[in-house]
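These notes are about the structure you will find just below.
The values are calculated or read from the model by the stated rules, or taken from the named source; none is laboratory data. Please read all numbers here as calculations on a predicted model, not as lab measurements. As a convention, Cβ positions derive from the backbone with ideal geometry for all residues, glycine included, and neighbour counts pool all protein chains shown.
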Amino acid sequence: MAYSGQVTVGGAPDVHELSDLIISKVAVGKYTNNVYLLRCRATGEQLLIDAAAEPGTLLDLVGTGGLASVVTTHRHPDHWQALQEVVAATGARTYAGRDDAEGIPVPTDVPVDDLGTIEVGRVTLTARHLVGHTPGSIALVYDDPHGHPHVFTGDCLFPGGVGNTHEDPAAFASLFEGVTTKLFDRLPDETWVYPGHGDDTTLGTERPHLAEWRERGW
């Protein structure tokens, strides 16, 4: 069955199989957070994006293959409720944006800056620092050498707009500029977007609405 990116809490993961990387998406918790498990096909190494909730569900998703690392996209508690349990069970290294690390109660082993890289086996993810939803949010870009890019946006970009900036015009301007210049201006329309909640989208689907987002201010 083709990957759709549509998942429900308590439901089965949806799996996106790429040439070098397998991406499993699952929804967890009362805020319906998306969690993504990335597995390098060449080495079997695995990386988890946002240990949001339901540690048992996440450890079942990881399975017996071990977990090398966990990336937390930003400091908001709904994205790290299961982090302590997952790290305790797996010994995984922890990554987070440098400016959000202090707001995450589980110590961050590797603070991440803009254009910093994170490896999962032979696959490289590149971080983009996006300020506005939180001070240190990061998106993770996988530039698939066999196809189009893939970007994991946390709560910075969704179908229909950027993340919540709490009616703060300066925060919105910062996040909108960051998403525009670091994602839309640099990546093609085919880029697949995996957000922190809800369904997936593509940059091409959202690009025609950028002026509308700027005008409305959210």
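Checking Ala53 against (1) in contact (Cβ under 8 Å) with a residue 60 or more places away in the chain; (2) surrounded by 22 or more Cβ atoms within 10 Å (Cβ to Cβ), which single condition isn't satisfied?
Single failed check for Ala53: (1).
If we scan region 15-25, do we find a residue that is surrounded by fewer than 24 Cβ atoms within 10 Å (Cβ to Cβ), among the polar types (S, T, N, Q), at pLDDT 95 or above and assigned to a strand (DSSP E or B)?
Scanning region 15-25 turns up at least one residue that is surrounded by fewer than 24 Cβ atoms within 10 Å (Cβ to Cβ), among the polar types (S, T, N, Q), at pLDDT 95 or above and assigned to a strand (DSSP E or B).
Within region 174-198, can you find the residues that are touching a residue at least 40 places away in the same chain (Cβ under 8 Å) and surrounded by fewer than 16 Cβ atoms within 10 Å (Cβ to Cβ)?
Passing the criteria: Pro188, Glu190.
What are the residue pairs meeting all of these: first residue in region 65-88, first residue under 12 Å from Pro107 (Cα atoms) and modelled with pLDDT under 95, second residue surrounded by fewer than 21 Cβ atoms within 10 Å (Cβ to Cβ) and of a type in the set (Asp, Glu), Cβ atoms under 8 Å, and 6 or more apart or on different chains?
Sorted first by the residue in region 65-88, then by its partner, the list stays empty.
Is there a residue being within 28 Å of Gly29 (Cα to Cα), surrounded by fewer than 23 Cβ atoms within 10 Å (Cβ to Cβ) and of a type in the set (Asp, Glu) anywhere in region 202-212?
yes
Looking at region 74-126, which of the residues that are in a helix (DSSP H, G or I) and in contact with a strand residue (DSSP E or B) (Cβ under 7 Å, 6 or more places away or on another chain) is surrounded by the fewest Cβ atoms within 10 Å (Cβ to Cβ)?
Here the answer is Asp78.
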